[in-house]
Amino acid sequence: MHRLRSGSRLCSSSPLARWLVSRHSCSKLFVGGLSYDTNETVLKDAFGQHGEIIEVKVICNHVTGKSKGYGFVWFNSETAASTALREMDGRLLDGRTVRIEYAHKG
């Protein structure tokens, strides 16, 4: 089962669920190599120039609250995600060279 943002459940065998999961993975980017000082606002500002962003998440240690050095950026389109990947991979962000990849479940 998958959850929609609204909290509704969606059976993973339904065509809609498969479409949402595949679309989600093509418009969601993994961003690695972040400075531990990079926050979600900085990430959104850097990636927002490449298309409309749905959500930005910097992954933090749940005990200390400090960044783990990676995050995710969800775009509203595959085209925007593709452009951001091409333009941002290997660039400096907050003094660190970031690695960009498509995020995949698993």
ILE100 touching a residue at least 40 places away in the same chain (Cβ under 8 Å), of a type in the set (Val, Ile, Thr), closer than 20 Å to TYR36 by Cα and not in a loop (DSSP other than H, G, I, E, B): yes
Here's a check for you: in the range 70-90, which residue that is small (Gly, Ala, Ser) and surrounded by 16 or more Cβ atoms within 10 Å (Cβ to Cβ) is nearest to LEU34 (Cα to Cα)? GLY71
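Since every read-out is calculated from the coordinates, none of them should be taken as a lab result. Given the structure is predicted, the values throughout are model-derived calculations rather than measurements. FYI the Cβ positions are ideal-geometry reconstructions off the backbone, even for glycines, and counts take in every protein chain you see.
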